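Everything on this sheet refers to the single structure shown next.
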Amino acid sequence: AERGLALACQIVPESDMAVAVAASAAACRTKAQHARTALRSVTRLSETAMAFAIETPADFSFLPGQYVNIRVPGTTAQRSYSFASAPGEPELAFLVRDIPAGLMSTWLRRTAEPGTLLEVTGPAGAFYLRDIRRPALFLAGGTGLAPFLSMLGRLAEGGTPHPIHMIYGVTNDADLVAVDALAAHAARIDGFTFTTCVATRGSDHPRRGYVTDHLAPAALNGGDVDIYLCGPPAMVDAVGQWLRQQGVTPANFYYEKFAPSGAAAVDRQAA
């Protein structure tokens, strides 16, 4: 009450009123649908990562940052993948960590053929790009880069009024992919910058360590910053703890945890 807040469920309006929702209007125009669509391509990015693309189903829309569920051909299992392409493109693109025993990655590696029909259900997820109203910090871990590629694709269309900095961290050198795509976005989007880092000590990468080791105070803007984070649960938890240790409370902290497994579907949690 001291902050001017109230529980809407305990309020009885006495006149007409306007309600402002802190979300893009596009959120009201996306709904999950089920479709069958053709595989377009599978691309090997490194020894640990692949990309694949499918034809965009008719009338399919999503918010940059969301994901879709795809049934693994020949099974009843589904896997969840964040869109790596921007809304409105003729193909839906995805990044996949190549797990030796993974159902989807094994199918993509051994069996996939262009033209194969895939069953998709989506979009889903509350992790998506909001209106840019202040500086933003993007933190990506591994194939958690995918939703940011979708966001950057959207930003490349209309630009951004505030600076955006990304830190993209991986475990091993081979996990570092799509850096050329980030460089292309940096050349096209005024105010967008990025840096990469590799956690393994034996890496030859010039920046070793975790994303928090390369978080400059300027990127936090004294707390007046929107943070977007997508990565494994341990990374998300570590960043949250690091922020608390620094005494920084960002204006908004949007994150999505994903836990890839060779035998189970990707578990996702968004906030």
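Might you let me know whether region 248-262 holds any residue that is basic (Lys, Arg) and within 20 Å of the chain's Cα centre (by Cα)?
So far as region 248-262 goes, yes, one or more of its residues are basic (Lys, Arg) and within 20 Å of the chain's Cα centre (by Cα).
Considering only residues of region 158-171 that are over 17 Å from the mean Cα position of the chain (by Cα) and modelled with pLDDT of 95 or more, which is surrounded by the fewest Cβ atoms within 10 Å (Cβ to Cβ)?
This residue is His162.
When you go through Ala186, Ala174, Ala218 one by one, which is the residue that is in contact (Cβ under 8 Å) with a residue 12 or more places away in the chain, assigned to a helix (DSSP H, G or I), over 17 Å from Tyr254 (Cα atoms) and in contact with a strand residue (DSSP E or B) (Cβ under 9 Å, 6 or more places away or on another chain)?
It is Ala174.
Assuming Val42 fulfils every condition listed in (1) under 30 Å from Ile99 (Cα atoms); (2) at pLDDT below 95; (3) not charged (D, E, K, R) apart from one, which condition is it?
All conditions pass for Val42, except number (2).
Of all residues in region 172-199, which are open to solvent by 50 Å² or more (accessible area, probe 1.4 Å) and among the hydroxyl-bearing types (Ser, Thr, Tyr)?
Across region 172-199, the qualifying residue is only Thr193.
Residue check: is Ala1 surrounded by fewer than 19 Cβ atoms within 10 Å (Cβ to Cβ), among the aliphatic types (A, V, I, L, M) and touching a Gly at 6+ places or on another chain (Cβ under 8 Å)?
Spelling it out, it is not the case that Ala1 is surrounded by fewer than 19 Cβ atoms within 10 Å (Cβ to Cβ), among the aliphatic types (A, V, I, L, M) and touching a Gly at 6+ places or on another chain (Cβ under 8 Å).
Can you go through Val42, Val96, Val19, Val72 and tell me which one is open to solvent by 30 Å² or more (accessible area, probe 1.4 Å) and in contact with a helix residue (DSSP H, G or I) (Cβ under 7 Å, 6 or more places away or on another chain)?
Just one listed residue meets the conditions, Val42.
Go through Arg133, Arg201, Arg154 for me and flag whichever is of a type in the set (D, E, K, R), without any contact (Cβ under 8 Å) to a residue 60 or more places away in the chain and either in contact with a Lys or Arg (Cβ under 8 Å, 6 or more places away or on another chain) or outside any strand (DSSP E or B) (or both).
After ruling out the rest, the residue left standing is Arg201.
Identify, from the list Ala51, Ala77, Ala93, the residue that is closer than 22 Å to Tyr255 by Cα and touching a residue at least 40 places away in the same chain (Cβ under 8 Å).
After applying the criteria, what remains is Ala93.
For region 129-157, which residues satisfy the criterion of being under 17 Å from Lys257 (Cβ atoms) and open to solvent by 30 Å² or more (accessible area, probe 1.4 Å)?
Across region 129-157, the qualifying residue is only Thr143.
So which residues in region 77-123 are farther than 15 Å from Ala38 by Cβ, of a type in the set (A, V, I, L, M) and within 17 Å of the chain's Cα centre (by Cα)?
Passing the criteria: Ala84, Ala86, Leu95, Val96.
Condition check ((1) more than 24 Å from Tyr128 (Cα to Cα); (2) not in a strand (DSSP E or B)) across all residues:
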{"site": "Leu5", "(1), (2)": "yes, yes"}
{"site": "Asp16", "(1), (2)": "yes, yes"}
{"site": "Lys31", "(1), (2)": "no, yes"}
{"site": "Val42", "(1), (2)": "yes, no"}
{"site": "Leu45", "(1), (2)": "yes, no"}
{"site": "Phe52", "(1), (2)": "no, no"}
{"site": "Ala58", "(1), (2)": "no, yes"}
{"site": "Val68", "(1), (2)": "no, no"}
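Which residues, taken from region 229-244, are touching a helix residue (DSSP H, G or I) at 6+ places or on another chain (Cβ under 7 Å) and open to solvent by less than 30 Å² (accessible area, probe 1.4 Å)?
Within region 229-244, Leu229, Cys230, Gly231, Val239 meet the criteria.
Suppose we filter Pro123, Pro161 for residues that are part of a loop (DSSP other than H, G, I, E, B) and farther than 23 Å from Gly240 by Cα; which single one remains?
Being part of a loop (DSSP other than H, G, I, E, B) and farther than 23 Å from Gly240 by Cα holds for just one of Pro123, Pro161, which is Pro161.
How many residues does region 80-92 contain that are in a strand (DSSP E or B) and buried (at least 23 other Cβ atoms within 10 Å of the Cβ)?
Residues meeting the conditions: 3.
The values are calculated or read from the model by the stated rules, or taken from the named source; none is laboratory data. Quick caveat, the model's predicted, so the values are computed rather than measured. Cβ sites come from the backbone with ideal geometry, for glycine too, and all protein chains shown count toward neighbours. Just the protein is used for accessible areas: all its heavy atoms, side chains included, with ligands, DNA and RNA removed. Shrake-Rupley method; radii C 1.70, N 1.55, O 1.52, S 1.80 Å.
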